[in-house]
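The values are calculated or read from the model by the stated rules, or taken from the named source; none is laboratory data. Everything quoted here is computed from the prediction, not taken from an experiment. Positions of Cβ are generated from backbone atoms using ideal geometry, with glycine treated the same way; all protein chains shown enter the neighbour counts. Quick note on the areas: whole protein, heavy atoms, side chains included, nothing else; ligands and nucleic acids left out. Shrake-Rupley method; radii C 1.70, N 1.55, O 1.52, S 1.80 Å.
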Amino acid sequence: MRAARLIKMVLLLQARPSMTGAELARELEVSERTVTRDAAALSEAGVPVYADRGRAGGYRLIGGYRTRLTGLGRAEAEALFLSGVPSALREMGLADAASAARLKVSAALLPELRDASQSVAQRFHLDAPGWWQEPQTPELLPPLADAVWDDRWITVRYRRRDTEVERDLEPYGLVLKAGVWYLAARAEGDFRVYRVDRFVSVEPGGTRFGRVEEFDLPAFWEERAAQFARSILRERAVVRLTPDGARQLPYVTDRTAGEEALRAAAEPDGQGRITVTLPVESHEVAFAQLLALGPEAEVLEPPELRERFAEAARRTAELYR
């Protein structure tokens, strides 16, 4: 978007005494001709961009020009980066801060760019919860969010199966996955994941902790999510699939497991069917998932699962006789 590019151009020139057209073009990922047009547009809008001609020339801001965000505070600036997830802001108690931040940023933009936030909001929206789920906001999410922002130790009580355990945690980050909040925290030197709705109490400590600089929340979550997905697929089912059944398999089972099973399958038989060994959470779950494929799938193993499908087929035939 041009508005974002113009802002970035001003910020780049604020950070450096001068930049050549080629340097700006590389940073902005546009042509040098576009840089020239953007510089002219900024100049016409009152931003003092000056172009030095010649071999050693370039672009610079004159008169000590600086953009100003009219009192943007730390909490508001941090909330601004989450403004594309309005439900998450509300749940963490940051909706008002984000609203104030957007107003202050709008006031600092060039007049022709002040509709940028509205323009983006009408084109991109993230709806995090899954379908047919009524999202529940965990009661203790706001104090956890405060501790994450502040890098502050917390003492928590956490439900684990039928018991409650107490832990001292370094809260590193919050993740919203399909409408469920998770806390990534460090306990006794190890990074772990906790479901926020299982916290019974959260007590902020009096001291802050030093973050491990190498910790990368998106990478950590991707790795743990993959580990979790693999850990719950403990059983196996051998299934013969028609071409239609093979196409549908990733949509009725765990997508990654289904696609890997299809890639590992042998060549189709004389009827065009393939046999796959599918990792599943349990035979109960496999029955519910594979039933959706109807006659496009034949369960071969284990015997008890095959018999359950045979019984379901007999009962269905009775209904439609």
**OP:** Would you please give the residues with an amide H less than 5 Å from that of L278, counting only those at least 5 places away or on a separate chain, with H modeled from the backbone geometry?
**Re:** A237, V238, V239
Subject >> Computed P(r) (all Cα pairs; the range 269-321; 5 Å bins; percent) >> reply: 4, 17, 28, 25, 15, 8, 2
**OP:** Starting at the first residue of the range 203-215, write each ³J(HN,Hα) from the Karplus equation 6.51 cos²θ - 1.76 cosθ + 1.60 with θ = phi - 60°, in whole Hz, x for Gly and Pro.
**Re:** 10, x, x, x, 10, 9, 10, x, 5, 6, 4, 7, 5
**OP:** Evaluate the range 214-315: find the radius of gyration of its Cα atoms, find its Kirkwood radius, and give the ratio Rg to Rh.
**Re:** 1.06
Original post:
Which order, highest average first, do 43-53, 145-155, 269-279 follow once you tally other Cβ atoms within 10 Å for each residue and take the mean per peptide?
Top reply: 145-155, 269-279, 43-53
Original post:
Can you list the HN-Hα couplings for the range 6-21, worked out from phi with the Karplus curve (6.51, -1.76, 1.60; θ = phi - 60°), rounded to whole Hz and with x for Gly and Pro?
Top reply: 5, 4, 4, 4, 4, 5, 4, 6, 5, 7, 9, x, 7, 9, 6, x
Original post:
Regarding the range 134-193, what is the average projected area of its C-alpha convex hull, in nm²?
Top reply: 4.6 nm²
Original post:
In whole angstrom, how far apart do the alpha carbon centroids of the range 206-236 and the range 20-40 sit?
Top reply: 40 Å
Subject >> Per-residue HN-Hα couplings for the range 166-171 [Karplus 6.51, -1.76, 1.60; θ = phi - 60°; Hz; x = Gly/Pro] >> reply: 10, 9, 9, 10, 9, x
**OP:** Please report, largest first and rounded to whole Å, the three semi-axes of the ellipsoid equivalent to the range 205-253, where each semi-axis is the square root of five times an eigenvalue of the C-alpha gyration tensor.
**Re:** 42, 12, 8
Subject >> Ranked packing of 166-174, 244-252, most packed first, by mean Cβ within 10 Å >> reply: 166-174, 244-252
**OP:** Would you kindly find the accessible area of E318, with a 1.4 Å probe and non-protein molecules such as ligands, DNA and RNA excluded, rounding to the nearest 10 Å²?
**Re:** 110 Å²
Subject >> the range 174-248 - Rg and Dmax from Cα coordinates, angstrom >> reply: 18.5, 62
